[in-house]
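A.B. asks: Once you've had a glance at the structure underneath, I'll fire off some questions.
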Amino acid sequence: MDKPRVVLGVSGGIAAYKACELLRRLTESGHDVRVVPTASALHFVGAATWSALSGNPVSTEVWDDVHEVPHVRIGQHADLVVVAPATADMLAKAAHGLADDLLTNTLLTARCPVVFAPAMHTEMWEHPATQENVATLRRRGAVVIEPAVGRLTGVDTGKGRLPDPGEIFEVCRRVLARGVREPDLAGRHVVVSAGGTREPLDPVRFLGNRSSGKQGYALARTAAARGARVTLVAANTGLPDPAGVDVVPVGTAVQMREAVLKAAADADAVVMAAAVADFRPENYATGKIKKKDGKEPDPIVLVRNPDILAEISADRARDGQVIVGFAAETDDVLANGRTKLARKGCDLLVVNEVGERKTFGAEENEAVVLGADGSETPVPHGPKEALAEIVWDLVAGRLS
Ligand code: CTP
């Protein structure tokens, strides 16, 4: 089979150097990459680097190799175009259909999915002109990844950093795998919870669980690649922030409830993939609990935590909001799943069988998705992102 053909557009921002890492990821994973920098991008990283890393010729202008009609051919033959970094100027040109160099011509001729990874100073990103251009591009079906928050060039800090190249690569991989032009979650806001809550006993100890957060992160990445605005409420995961996802870190179940309720207020869908502790210690010791010589330890009294899934399902923030829960069961998986689905009041429940051999933290998963409408969708053993795609298929079907 031919290698998937990717055009890596690079516009003129300092983050151009990070695109070298993205290029390496793409070539090393078997993609044929044609780099199309703008003339300004070459001020930051030279043509020799792009050419050597991609193994393909590099030009910025439509006047090179005119006999091959590159201004049309490169875009027409691409399976994916990714522009990283995309400057404010590049977003404006793309939104308005300008075509004054090879990259902008390529964007006009491409009929494949297009991903933009913007990077710029916070003021430029927040300017209404840029925001309107981003909205235009999204409306037309492009995936525009939200910039990350952090240190910018110079002394500034704020929103506008290019997301980690490895995470941009993950978005590209998912968009390519779907191979559709229209991201079906574009214009939607989705909330995903991930990880496991920790309920503190004293400043150094907590009651926790072994959830890795990987399934929730796979859901967040997949939704972003399908065009959604994603809020990821993450409890104690230690995983890298997915590109374009707004991550809200929390510790306890009570904090998670607050963050989920806030984000769910304008959300089209909420997926509770987190392992939320059902109980927390009634008392928190402000000093470390010490052994008392010759004495039995004091018992730990537990109180119930709020059931976030049941609460948001019973009191929906919006009409038509789709709510998904997860359940881990050891026996009578389907029967227990049906009972739990009814008790929680959500629309879909992803039921995993857990047991001795099926451990937390694994890369793969096997499940059945039960619907409140009586539907039953088996998900064969496979990567967590495959399960994530099926969950979003079912959500998207209920949203439309
Ligand atoms: N959940 C929640 N709030 C809680 C506990 C769980 O929102 N306090 C959510 C989880 O995120 C998950 C679903 O509810 O989506 C299933 O949780 P689970 O703990 O399996 O359900 P329980 O009602 O606690 O059932 P069990 O008696 O099996 O523990």
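The values are calculated or read from the model by the stated rules, or taken from the named source; none is laboratory data. Because the structure is a prediction, the values reported are computed rather than measured. Positions of Cβ are backbone-derived with ideal geometry, glycine not excepted, and every protein chain shown enters the neighbour counts.
A.B. asks: Checking the conditions here, which among V190, V175 is within 16 Å of the ligand (Cβ to nearest atom), aliphatic (A, V, I, L, M) and surrounded by 15 or more Cβ atoms within 10 Å (Cβ to Cβ)?
C.D. replies: Selected residue: V190, the only one of V190, V175 that is within 16 Å of the ligand (Cβ to nearest atom), aliphatic (A, V, I, L, M) and surrounded by 15 or more Cβ atoms within 10 Å (Cβ to Cβ).
A.B. asks: What's the number of the only condition in (1) modelled with pLDDT under 95; (2) in a loop (DSSP other than H, G, I, E, B) that L98 fails to meet?
C.D. replies: Result: L98 fails condition (1) only.
A.B. asks: What single numbered condition from (1) of a type in the set (S, T, N, Q); (2) modelled with pLDDT under 95; (3) within 23 Å of V36 (Cα to Cα) fails to hold for T130?
C.D. replies: It fails just one condition, (2).
A.B. asks: Looking only at the stretch 309-360, which residues are surrounded by 15 or more Cβ atoms within 10 Å (Cβ to Cβ), away from the ligand (no atom under 12 Å from the Cβ) and in a helix (DSSP H, G or I)?
C.D. replies: Within the stretch 309-360, just R338 meets the criteria.
A.B. asks: Is the stretch 318-332 home to any residue that is touching a helix residue (DSSP H, G or I) at 6+ places or on another chain (Cβ under 8 Å) and of a type in the set (K, R)? It would help to see each step written out before you state the result.
C.D. replies: Our first condition is that a residue be touching a helix residue (DSSP H, G or I) at 6+ places or on another chain (Cβ under 8 Å); within the stretch 318-332, this holds for 320-327, 329.
Filter once more, so that each one left must be of a type in the set (K, R): none.
Among the residues of the stretch 318-332, not one is touching a helix residue (DSSP H, G or I) at 6+ places or on another chain (Cβ under 8 Å) and of a type in the set (K, R), which makes the answer no.
A.B. asks: Go over the candidates G287, G238, G244 one by one and state the one that is surrounded by fewer than 24 Cβ atoms within 10 Å (Cβ to Cβ), under 18 Å from the mean Cα position of the chain (by Cα), small (G, A, S) and at pLDDT below 95.
C.D. replies: Working: G287 fails: under 18 Å from the mean Cα position of the chain (by Cα); G244 fails: surrounded by fewer than 24 Cβ atoms within 10 Å (Cβ to Cβ).
G238 is the lone residue from the list that is surrounded by fewer than 24 Cβ atoms within 10 Å (Cβ to Cβ), under 18 Å from the mean Cα position of the chain (by Cα), small (G, A, S) and at pLDDT below 95.
A.B. asks: Looking at the structure I just gave you, is P299 over 27 Å from V369 (Cβ atoms), away from the ligand (no atom under 16 Å from the Cβ) and under 17 Å from the mean Cα position of the chain (by Cα)?
C.D. replies: Considered against the rule, which asks whether it is over 27 Å from V369 (Cβ atoms), away from the ligand (no atom under 16 Å from the Cβ) and under 17 Å from the mean Cα position of the chain (by Cα), P299 comes out as no.
A.B. asks: Can you tell me how many residues within the stretch 149-179 are among the charged types (D, E, K, R) and either over 27 Å from V7 (Cβ atoms) or touching a strand residue (DSSP E or B) at 6+ places or on another chain (Cβ under 9 Å) (or both)? Break it down stepwise before answering.
C.D. replies: Filtering the stretch 149-179 down to residues among the charged types (D, E, K, R) leaves 151, 156, 159, 161, 164, 167, 170, 173-174, 178.
Of the ones still in play, those that are also either over 27 Å from V7 (Cβ atoms) or touching a strand residue (DSSP E or B) at 6+ places or on another chain (Cβ under 9 Å) (or both) are 151, 156, 159, 161, 164, 167.
Here the count works out to 6.
A.B. asks: Please indicate, with yes or no, whether at least one residue in the stretch 366-382 is closer than 21 Å to S193 by Cα, in contact (Cβ under 8 Å) with a residue 12 or more places away in the chain and part of a helix (DSSP H, G or I).
C.D. replies: no
A.B. asks: Only one of V233, V271, V248 is within 16 Å of the ligand (Cβ to nearest atom) and more than 22 Å from P147 (Cβ to Cβ). Can you tell me which?
C.D. replies: V271
A.B. asks: Let me ask you something else. Considering only the stretch 138-197, how many residues are of a type in the set (D, E, K, R), within 24 Å of A396 (Cα to Cα) and assigned to a loop (DSSP other than H, G, I, E, B)?
C.D. replies: Narrowing the stretch 138-197 to residues of a type in the set (D, E, K, R): 138-140, 146, 151, 156, 159, 161, 164, 167, 170, 173-174, 178, 181-182, 184, 188.
Right, trim to within 24 Å of A396 (Cα to Cα) and you get 138-140, 146, 167, 170, 173-174, 178, 181-182, 184, 188.
Add one more test, that the residue is assigned to a loop (DSSP other than H, G, I, E, B), and what stays is 140, 146, 181-182, 184, 188.
Looking only at that region, the number is 6.
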